[in-house]
Amino acid sequence: MRVDYNISDKFDFGLFIPAILLMIIGYFAIYSATISHPTAEGNFEKQLISGLIAVIIFFTVYFIPTNSFRMLSLPVYITAIVFLLAVITIGKTVSGQKSWLIIGPIGFQPSELAKLGVILALSAFLSKKNTDIESFKDIMIALLLGMIPVALILLEPDLGSSIIFIGMILVLIFWKGISLFGLFVVLSPAFVAIASLFGTYSLIGSLIIVATILLLFRKDLFFSASIFALNLAAGFFTDYVYTAFSPHQQKRIQAFIDPMSDPLGSGYNSIQAQVAIGSGGLFGKGYLSGNQTQLQYIPEQWTDFIYCVIGEEFGFIGSLFVLVLFTSLFIRLLKIASVTKDEFLSLVVVGILSVFFIQYVINLGMVVGILPVIGIPLPFVSYGGSSLLVNSIMLGIVANIYRNRKNYT
């Protein structure tokens, strides 16, 4: 008896191929950025080893039982919290952030593992039958699950990773099906917090807007007062959080507003990145021939500013090809999340999509100067073993869900 077997029905090449191509492009860019650097010549080999391990991890995760993801959600979350607590006390400080944990010869960033932990734990909570995302209690529990790691990461302090977590939490709550009022409850504190950065009058104005909207929703007095108090606390707490950032992070935010205010300091990377990309033209200056790259105008260009190497040496065509690959990957992730019938698995895929997409947007925003420089790598492309390995785990989870999508209806 002949059995027709279509491999594409079990293995999603539309998910795997863009990620592999992005990794390969990353290898070329990392090699170019480090080949003549006196202290980073071994980074290409390290990334190559990390890439091989990442592929092994991808296929390992791809073949494990899909129902194990829900069972692992709490252990992974707790482990991530323990590591985040450990890094605050015994972590290694790099670029003003105590974000690296060194265990023997291995160093990694616990915030990367925490991304996976929060996605799994929050998805597990939101998909429980008795969870009502419209209730104030369940909204607060969901926010608490996500904000505990955020608070610990801010203590490092790592503003960039915190933003990724906040965005991911909001996306998961939205995908769960929160109402317009529920979305207002979640987003309004962020609105007030941002407004408070622009002064007292902006803070007062934002609070008046929040109070007006609460009146329009016509909720009970105690509930509305609780929401207003939450917004008031967010506004006053923002100044404390800003002062808790390291001086170099504060300068980065100031440089975002006006890069020319400190062109040789906090605004230097942003200015040089725009020069590098702009000088690439349509087809680029050629591989290993970029002036900004080879003369090392941008410090550690193989990490957060890897896209500059691509833009300068491969030009608009190379830059556009990278954008097409990311767009293809995001569309594929969204489609898998949409067709997955199991709510927990669908939420997991959306959480992974949000992490990749937010990193992508922030990284490109940093490079072209429309967002502050807050140290976010480009997924699958930038140098970094911790990021690459965790990204491969998350991609393996999505591939696993695709493989077993018909078993969870």
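Projected onto their three principal axes, the Cα atoms of the stretch 7-407 cover extents of 66, 56, 43 Å, largest first. Each residue of the stretch 73-78 was assigned a 3J(HN,Hα) from its phi angle through the Karplus expression (A = 6.51, B = -1.76, C = 1.60, θ = phi - 60°), giving 4, 5, x, 5, 5, 5 Hz with x at Gly and Pro.
Counting Lys and Arg as +1 and Asp and Glu as -1 over every other residue whose Cβ lies under 13 Å from the Cβ of Pro379, the net charge comes to -1. Compared with the direct C-alpha span, the chain from Thr60 to Ile204 gains 46.5 nm at full extension, assuming 0.36 nm per residue. In this structure, the pairs whose alpha-carbon distance is over 21 Å, taken from Lys128/Lys341; Lys176/Lys335; Lys10/Lys406; Lys10/Lys46; Lys129/Lys219; Lys129/Lys176, are Lys10/Lys46; Lys129/Lys219. Converting phi to 3J(HN,Hα) with the Karplus coefficients 6.51, -1.76 and 1.60 and the offset θ = phi - 60°, the stretch 330-340 yields 5, 4, 5, 4, 5, 5, 5, 5, 6, 8, 6 Hz in sequence order, with x at every glycine or proline. Once you order the gyration tensor axes a ≥ b ≥ c over the Cα atoms, which shape class does the stretch 1-156 get: rounded for a/c under 1.5, otherwise prolate or oblate by comparing a/b with b/c? Since a/c reaches 1.5 but b/c is at least a/b, the shape of the stretch 1-156 is classed as oblate. Calculated translational diffusion coefficient of the stretch 350-402 (4 °C, 1.567 mPa s; Stokes-Einstein with Kirkwood radius over alpha-carbon pairs) equals 110 µm²/s. The mean sequence separation of alpha-carbon pairs under 8 Å and at least six residues apart, normalised by the residue count of the stretch 7-407, gives a relative contact order of 26 percent. A simple rule links phi to the HN-Hα coupling: the Karplus curve 6.51 cos²θ - 1.76 cosθ + 1.60 with θ = phi - 60°, which for the stretch 59-71 gives 6, 5, 5, 4, 9, 6, x, 5, 5, 6, 5, 5, 5 Hz, with x for Gly and Pro. Within the chain, what's the longest run with no chymotrypsin sites (Phe, Trp or Tyr not before Pro) in a DSSP loop and at most 15 other beta-carbon atoms within 10 Å? Give the range, please. The longest uninterrupted stretch comes out as 12-197. Estimated purely from DSSP H runs of n ≥ 4, each contributing -39500 (n - 2.57), the mean residue ellipticity at 222 nm for the chain is -24000 deg cm²/dmol once divided by its residues. Extending 7 Å from Cα along the Cβ direction at Leu52 and again at Arg70 yields two label points whose distance is 3.9 nm.
Laboratory data are not the source of any read-out in this text; all were calculated from the coordinates shown. The shown structure was predicted, so the numbers you read here are calculated from the model rather than taken from an experiment. Neighbour counts are summed over all protein chains in view; Cβ atoms, including those assigned to glycine, are modelled from backbone coordinates with ideal geometry.
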